[in-house]
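Notes to accompany the following structure.
The values are calculated or read from the model by the stated rules, or taken from the named source; none is laboratory data. Note that this is a predicted model, so its numbers are computed, not measured. Cβ placement follows ideal geometry from the backbone for every residue including glycine, while neighbour counts extend to all protein chains displayed. Just the protein is used for accessible areas: all its heavy atoms, side chains included, with ligands, DNA and RNA removed. Shrake-Rupley method; radii C 1.70, N 1.55, O 1.52, S 1.80 Å.
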Amino acid sequence: VQAIAPGAEKMLNDRERVSFLGNLGALLDSGLMGGGTYMQALGAFAKDSEPLVVSAVITELDGVNDTFVTPDLQGEFADYLRKALSPAVDRFGIQAKAGEDEAVAGFRPRLLYWLGRVAEDEAVVAWAKETTVRYMDQPSSIDPSLAGVALRITAKQGDQQLFDRYIDHFEAAQSPAERANFLRALGAFDAPVLQQNALGYTLTGPLRPNEIFDIPGEIFDAREGGDVVFEWLTVNYEAIAGRMPPLFRPFLANFGGGCDSERLEKARIFFARPEISVEGTEKQMMKTAAGVVDCVNLQAREGANVKAYLEGIQAAR
């Protein structure tokens, strides 16, 4: 792996490189590759000139973030991301270019999200703030896929005033894309009080049944947001369930997921209650539990190796 990854573009075609990345993840999961070697390989592939390959790297990094990046490692992981992904922004650009490959336009939002939201890259954050202002002033002037990313990046350190403006724009939205962008961004604020306000708005705002998961889903995706959302769910279950069709209710079990055995056990107890467990809940809870167990086991086995690698990079700078 260490021999192939740095020179993969010369040895493998683009499809083979994407497949190779998937195999790396399988080797990590099976215990045949150490966490440090895996992180080093992803960093090498992130410099690839093919957007589909960089997109595949980002998919792998999503798992890394969920499994290994504890609060004390966020700074080191952000440094790793800036080093790994900044070359892709330099190569493909923040803004679309005439005649560019459709694959570039397809993965650009994910690239900017990771650099701006997770890595807090200064240039991307500045772009996001400027784009957010322009989008709120004239939504049609911004690509909807990029607008959604900009809104969420800007929300990270946003205050009550920005939160209120997002609500105003959501309620006045003239298109489904605009409505979805502002709604999801309401769940992207880091301030605990604004997270609670956003969850409260899920129950009091003019949301449609198919939109109920948007805000809690966004908060849950933040590592520290899992417990916040699960507690909100257990306290407000009747009100939440009452705003959605019965067909949707089994999927609430997903909020017992993540990489946390303690939350999983609480979820098992909660969703086993007869008045909670509608048809399909038990099956969904089994899927959720399997994901948590796999994540916790991988974290226990390779977490120290990933931590040592990220801290080693930081120490070498």
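Some points to look at:
- Of all residues in segment 273-288, those that are out of contact with any Pro (no Cβ under 8 Å at 6 or more places or on another chain) and not in a helix (DSSP H, G or I) total 5.
- When we screen Glu265, Glu279 for residues that are of a type in the set (Asp, Glu), modelled with pLDDT under 95, over 30 Å from Asn181 (Cα atoms) and open to solvent by 50 Å² or more (accessible area, probe 1.4 Å), the only hit is Glu279.
- Search result, residues across segment 26-76 that are part of a helix (DSSP H, G or I), aliphatic (A, V, I, L, M) and open to solvent by 10 Å² or more (accessible area, probe 1.4 Å): Ala26, Leu27, Ala44, Leu52, Ala56
- Failed item in (1) open to solvent by 50 Å² or more (accessible area, probe 1.4 Å); (2) part of a helix (DSSP H, G or I); (3) under 28 Å from Val292 (Cα atoms); (4) not acidic (Asp, Glu), with Arg82 passing the rest: (3)
- If the condition is being within 19 Å of Asn181 (Cα to Cα) and assigned to a helix (DSSP H, G or I), then segment 89-114 contributes Ala105, Gly106, Phe107, Arg108, Pro109, Arg110, Leu111, Leu112, Tyr113, Trp114.
- Close pairs (6 angstrom Cβ cut-off, 6 or more residues apart or separate chains): farther than 20 Å from Arg223 by Cβ in segment 114-128, of a type outside the set (Lys, Arg) and part of a loop (DSSP other than H, G, I, E, B) anywhere: Trp127/Ile94
- Qualifying residue in segment 300-311 (condition: acidic (Asp, Glu) and open to solvent by less than 60 Å² (accessible area, probe 1.4 Å)): yes
- Residue that is least open to solvent (accessible area, probe 1.4 Å), among those in segment 184-239 that are among the polar types (S, T, N, Q) and under 24 Å from Thr70 (Cβ atoms): Gln195
- Any hit, segment 282-296, residues being open to solvent by 60 Å² or more (accessible area, probe 1.4 Å), acidic (Asp, Glu) and closer than 18 Å to Tyr80 by Cβ: no
- Any hit, segment 190-208, residues being among the charged types (D, E, K, R) and either on the phi > 0 side of the Ramachandran plot or touching a Phe, Trp or Tyr at 6+ places or on another chain (Cβ under 9 Å) (or both): no
- Selection status of Ile167, free of Cβ contacts under 8 Å to residues at least 12 places away in the same chain, of a type in the set (Val, Ile, Thr) and either under 17 Å from Ile219 (Cα atoms) or buried (at least 18 other Cβ atoms within 10 Å of the Cβ) (or both): no
- Verdict on Arg152 being touching a helix residue (DSSP H, G or I) at 6+ places or on another chain (Cβ under 7 Å), touching a residue at least 60 places away in the same chain (Cβ under 8 Å) and open to solvent by 10 Å² or more (accessible area, probe 1.4 Å): yes
- If you check Val125, Val133 for being β-branched (Val, Ile, Thr) and open to solvent by 40 Å² or more (accessible area, probe 1.4 Å), only one passes: Val133.
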